Every structure is written in structure tokens, then in C-alpha cells.
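The values are calculated or read from the model by the stated rules, or taken from the named source; none is laboratory data. Because the structure is predicted, anything quoted here is derived from the model rather than measured. Glycine gets a Cβ as well: all are built from the backbone with ideal geometry, and neighbour counts include every protein chain shown. Each accessible area value is taken on the protein alone, full model and side chains, heavy atoms only, with ligands, DNA and RNA left out. Shrake-Rupley method; radii C 1.70, N 1.55, O 1.52, S 1.80 Å.
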Amino acid sequence: MEQIESLETPGARDLLLQTASAIMREGDVVDISLSELSLRSGLNSALVKYYFGNKAGLLKALLDRDMEAIVKSVDALLAKDDMTPEAKLRRHISKSIDTYYAYPYLNRLLMRLVRDSDEADAKRIADLYLLPLQSAYKRFIAEGVEAGVFRPIDPQLFYFTATGAADRFFSARLVLKHCFNQDALTEELRDRYREHTVDFVMAGILAR
């Protein structure tokens, strides 16, 4: 009991998650070294076991932190009665670009954990994050079709289109480096890509 209590460090759990997120973002990876995590955070690596059980538990907690925020923001957007379907979808796509800029590892981490988890954990991830987002896309599109501003398109395919457009760009730093001589994801680049993606996707769904 004394050993457990000695590990208690105010804010340590959040700091471990923040540091793990920074390591994966900067390294363009979906894995971490516990020694690097300890060095970067200034915390004992034993805290990973204390708070998360093991490294896999840490990665799951990081996914939960980031994905819960996304699902909540989508639910809040759907609940807005003072926005048109077009404005809602534009806002959602814009926020998706911002999210993948902040957490470029997110979709790859999601897929890794679904692949590597047992059936129960994989289902938990799907039920908490994948299915709610898929349901949200159905509602986004249905509202727009009913209002006469969207074409009736397949929400499942739209999910992959929108997610892929956001994820692929921010997880392709090697392409930026070797093809475009650009080695960093800058805010200016994020803003340009956000505008491009919103216009490009909306052009495909708006009724003409």
C-alpha cells in the first residue's frame, strides 16, 4: 500500500498522456518507448503500470481521451437547431481537419488498437467511437437531403471519404518531405488544407 501511495503524483496521468501524444505526433508514429516517455515527462515509468496497467493500456487511454472529445463535439453540433445542414457539415469537416492536425496519429492508433485488441475490446472501441460517428454521418446527410441541399449519397462511403481526406494528409509527412521539400505540419498548411478539403467535399455533396 505504501509503495502505491508513493507513486501518487498530482497531474501525472494527464502528463503521461500529453507526453505520449507529443511523441507520436512529432515522430509520426503510433508507438512509444517507455524510456523516452519517462525522459520527456520527467516521471517514473512505473507510473504507466500504476495508472494504465501497461503500455497498451496507456495507448487505449490516449485513444479514449481523443475520441471522446470528437464524439462529444459531433453530438453537440447535431443538436444545434440554429445551423443549416450545410453549415453543420462545413463546421464538422473543418473541425476534423483541426483534430487530425493536432493528433495525426489518431486514425492509425484507432485501427491498430482494433486490430490488436481481443474481440471484447475491439467491440468496445467500435461501439463507443466508430458507430456513433457513422450514425452522425447518417444524420448529417439525411438532414441535408430533407432540406433539399444535399444529394442522397451513401453515408458509409462518405464516412470513409471524409475521414480518409483528413487522416491521409496529416499522416503523410514523408511525402511532404521528399516530394514537396516540406518537413513540418504548419498552421499555414493546415489552414490551406482545411479550406481546400471543405470546398472539395462540399462540392461533391451539395445538390445542384
* To do: Would you mention how many residues in region 57-98 are in a helix (DSSP H, G or I), touching a Leu at 6+ places or on another chain (Cβ under 8 Å), of a type in the set (A, V, I, L, M) and closer than 24 Å to Asp191 by Cα?
  => 4
* Sole exception among (1) farther than 25 Å from Leu185 by Cβ; (2) surrounded by fewer than 17 Cβ atoms within 10 Å (Cβ to Cβ); (3) among the aliphatic types (A, V, I, L, M) for Leu43, by number -> (2)
* Asked: Take the residues of region 150-180 that are at pLDDT below 90, over 22 Å from Tyr129 (Cβ atoms) and not aliphatic (A, V, I, L, M): which is surrounded by the most Cβ atoms within 10 Å (Cβ to Cβ)?
  -> Arg173
* Asked: Within region 178-208, can you find the residues that are of a type outside the set (Val, Ile, Thr) and touching a Gly at 6+ places or on another chain (Cβ under 9 Å)?
  -> Leu206, Ala207
* Could you pull out the residue among Glu68, Glu86 that is farther than 26 Å from Leu17 by Cα and acidic (Asp, Glu)? => Glu86
* To do: Quickly run through region 48-79 and pick out the residues that are closer than 16 Å to Ile141 by Cβ and either open to solvent by 30 Å² or more (accessible area, probe 1.4 Å) or under 16 Å from the mean Cα position of the chain (by Cα) (or both).
  => Val74
* Selection status of Glu119, over 30 Å from Asn54 (Cβ atoms), charged (D, E, K, R) and either more than 17 Å from the chain's Cα centre (by Cα) or open to solvent by 80 Å² or more (accessible area, probe 1.4 Å) (or both) -> no
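Quick one: is Ser33 touching a His at 6+ places or on another chain (Cβ under 9 Å) and surrounded by fewer than 18 Cβ atoms within 10 Å (Cβ to Cβ)?
Details: touching a His at 6+ places or on another chain (Cβ under 9 Å): no; surrounded by fewer than 18 Cβ atoms within 10 Å (Cβ to Cβ): yes.
When the stated conditions are applied, Ser33 does not pass them.
Residues are listed down the side, and each one gets a yes or a no for (1) open to solvent by less than 80 Å² (accessible area, probe 1.4 Å); (2) in a helix (DSSP H, G or I); (3) β-branched (Val, Ile, Thr):
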site: Tyr100; (1), (2), (3): yes, yes, no
site: Leu113; (1), (2), (3): yes, yes, no
site: Asp127; (1), (2), (3): yes, yes, no
site: Gly148; (1), (2), (3): yes, no, no
site: Gln182; (1), (2), (3): yes, no, no
site: His196; (1), (2), (3): no, yes, no
site: Phe200; (1), (2), (3): no, yes, no
